[in-house]
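What follows is one structure encoded as structure tokens, with my remarks underneath.
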Amino acid sequence: MDKPIIYEVETLKEFSIDMLTKAGMSVQDAEIITDTLLFAELRNIKSHGIVRLPTYIQRMENGVVNQNADMKFKKMKAPAVGMLDADNGMGQIAGYKAMKEAINIARVYGIGMVTVKDSNHFGVASYFSMLASKEDMIGLVMTNASPAIAPFGTKTPLLGTNPLTVAVPAKVGKPIVLDMSMSTVARGKIRISAMQNKEIPSDWGLDKDGNPTTDPNEALEGSLVPIGGVKGSGLSLIVDLMTGLLTKTCMTGEVKNITDMSGPSKTSHLFLAIDIENFMDVDEYKQDVDKTIEKIKSLTPKGDNNIYMAGEIEQNVMEERMSKGVPVDVEVVEKLNMLAERYGSSVL
């Protein structure tokens with residue numbers, strides 16, 4: 001297999017913005033979406049990176065996502081909560097607006113929670129939780145997703161991978177960033193394996209009969225393995241109840257896959273910002289987080305392995321790729337260049 005091609009971050013940024021604006025999106029929105037895609041690439045979450053660009057544009061071209069959505073916040077009964085009607089717009093734009101609003105609310109009331117209805121796939125969830133941690137707040141984000149996990153004891157996919165992320169700021173150390181889907185791996189990784197004709201580990205996916213499989217195509221037609229068995233299945237349902245049902249966007253199992261061009265995806269999200277300053281001195285809290293990190297890292301490892309905190313490996317990769325460049329798989333570059341040629345733009 002050909003080696004990935006290394007690109008400078010700025011090259012990928014300019015390419016992505018160019019493609020999105022030529023597809024009809026405003027520069028401001030294109031910059032936000034591009035920022036989320038590069039965030040994924042920099043943190044080696046390539047299943048949610050630049051590989052998604054052709055699909056996002058295809059959804060705009062097919063009219064199943066509103067690229068010029070009129071997103072509006074709904075008036076709520078309580079001041080510490082909000083709801084954004086995304087008007088079937090891009091999930092990244094809705095997520096950015098919603099988390100910024102949650103942060104603003106938290107500055108006044110100590111905590112802010114904003115839900116989003118009628119949205120679309122928003123990329124890497126931790127991008128949004130880290131918007132809060134950068135403001136000395138604890139950020140929590142969750143989203144529903146298309147059916148991928150069979151409820152425990154069944155073989156029919158109904159629940160989404162339904163990611164959950166929490167970002168906690170530190171003083172000197174790297175922020176602690178938990179970002180997890182309710183399946184063993186994100187479905188995007190299985191899609192990439194299918195694109196590259198590579199087998200997957202047998203604990204990633206199940207075929208349509210509920211049996212373990214190493215064939216990525218069988219897994220995409222079947223279901224994904226939930227983390228912790230019944231616990232992952234249960235957590236996925238809870239995320240569904242706190243997003244799709246709470247926003248009255250859709251019932252469990254009704255979210256459309258990002259590749260499904262038959263209509264709006266009916267995705268919904270939840271964003272929570274907790275202002276640390278309302279509980280204790282921010283610097284003192286962040287110093288205590290540092291002490292917790294130091295305590296864990298001082299523990300005896302099981303072998304000769306290093307001890308990493310949640311999100312630390314991704315942060316290390318991010319810092320390295322900012323200076324050394326981002327590796328992009330050849331198959332992805334080919335798809336991006338086909339898109340560029342269709343729009344009469346320069347290829348990568």
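The values are calculated or read from the model by the stated rules, or taken from the named source; none is laboratory data. These numbers were taken from a predicted model, which means no experiment stands behind them. Neighbour counts are summed over all protein chains in view; Cβ atoms, including those assigned to glycine, are modelled from backbone coordinates with ideal geometry. Note: areas computed on protein heavy atoms with side chains; ligands, DNA, RNA excluded. Shrake-Rupley method; radii C 1.70, N 1.55, O 1.52, S 1.80 Å.
Looking at segment 49-81, which of its residues are among the basic types (Lys, Arg) and open to solvent by less than 50 Å² (accessible area, probe 1.4 Å)?
Arg52, Arg59
If I go through segment 211-233 residue by residue, how many of them are of a type outside the set (Ser, Thr, Tyr) and open to solvent by less than 30 Å² (accessible area, probe 1.4 Å)?
Matching residues across segment 211-233 total 7.
Going by the conditions given, is Val27 more than 21 Å from Ala145 (Cα to Cα), open to solvent by 10 Å² or more (accessible area, probe 1.4 Å) and either modelled with pLDDT under 95 or out of contact with any helix residue (DSSP H, G or I) (no Cβ under 8 Å at 6 or more places or on another chain) (or both)?
no
Can you confirm whether segment 294-306 contains a residue that is open to solvent by less than 50 Å² (accessible area, probe 1.4 Å) and either assigned to a helix (DSSP H, G or I) or in contact with a Leu (Cβ under 8 Å, 6 or more places away or on another chain) (or both)?
Among the residues of segment 294-306, not one is open to solvent by less than 50 Å² (accessible area, probe 1.4 Å) and either assigned to a helix (DSSP H, G or I) or in contact with a Leu (Cβ under 8 Å, 6 or more places away or on another chain) (or both), which makes the answer no.
Applying the selection to segment 101-129, what residues are closer than 16 Å to Ile276 by Cα and surrounded by fewer than 24 Cβ atoms within 10 Å (Cβ to Cβ)?
Once the filter is applied, which keeps residues that are closer than 16 Å to Ile276 by Cα and surrounded by fewer than 24 Cβ atoms within 10 Å (Cβ to Cβ), segment 101-129 yields Ile103, Asn104, Ile105, Arg107, Val108, Tyr109, Gly110, Ile111, Met113.
Do you know which residues across segment 105-157 are touching a Gly at 6+ places or on another chain (Cβ under 7 Å) and free of Cβ contacts under 8 Å to residues at least 60 places away in the same chain?
Within segment 105-157, Ser129, Met130, Leu131, Ser133 meet the criteria.
Spot the failing condition for Thr243; the list is (1) surrounded by fewer than 20 Cβ atoms within 10 Å (Cβ to Cβ); (2) under 22 Å from Thr154 (Cβ atoms), and only one is missed.
All conditions pass for Thr243, except number (1).
Return the residues of segment 246-262 that are open to solvent by 60 Å² or more (accessible area, probe 1.4 Å), closer than 22 Å to Met113 by Cα and in contact (Cβ under 8 Å) with a residue 12 or more places away in the chain; say none if nothing qualifies.
Correct list: Leu246, Lys248.
Within segment 184-204, count every residue that is open to solvent by less than 30 Å² (accessible area, probe 1.4 Å), modelled with pLDDT of 90 or more and either in contact with a Phe, Trp or Tyr (Cβ under 7 Å, 6 or more places away or on another chain) or not in a loop (DSSP other than H, G, I, E, B) (or both).
Adding up the residues that qualify gives 3.
Filter segment 255-293 for residues that are farther than 30 Å from Leu158 by Cβ and assigned to a strand (DSSP E or B) and give the result.
Scanning segment 255-293 gives Ala273, Ile274, Asp275.
Here are some residues: Ile32, Ile6, Ile17. Which one is open to solvent by 10 Å² or more (accessible area, probe 1.4 Å), assigned to a strand (DSSP E or B) and either touching a residue at least 12 places away in the same chain (Cβ under 8 Å) or farther than 13 Å from Tyr56 by Cα (or both)?
Of the residues listed, the single one that is open to solvent by 10 Å² or more (accessible area, probe 1.4 Å), assigned to a strand (DSSP E or B) and either touching a residue at least 12 places away in the same chain (Cβ under 8 Å) or farther than 13 Å from Tyr56 by Cα (or both) is Ile6.
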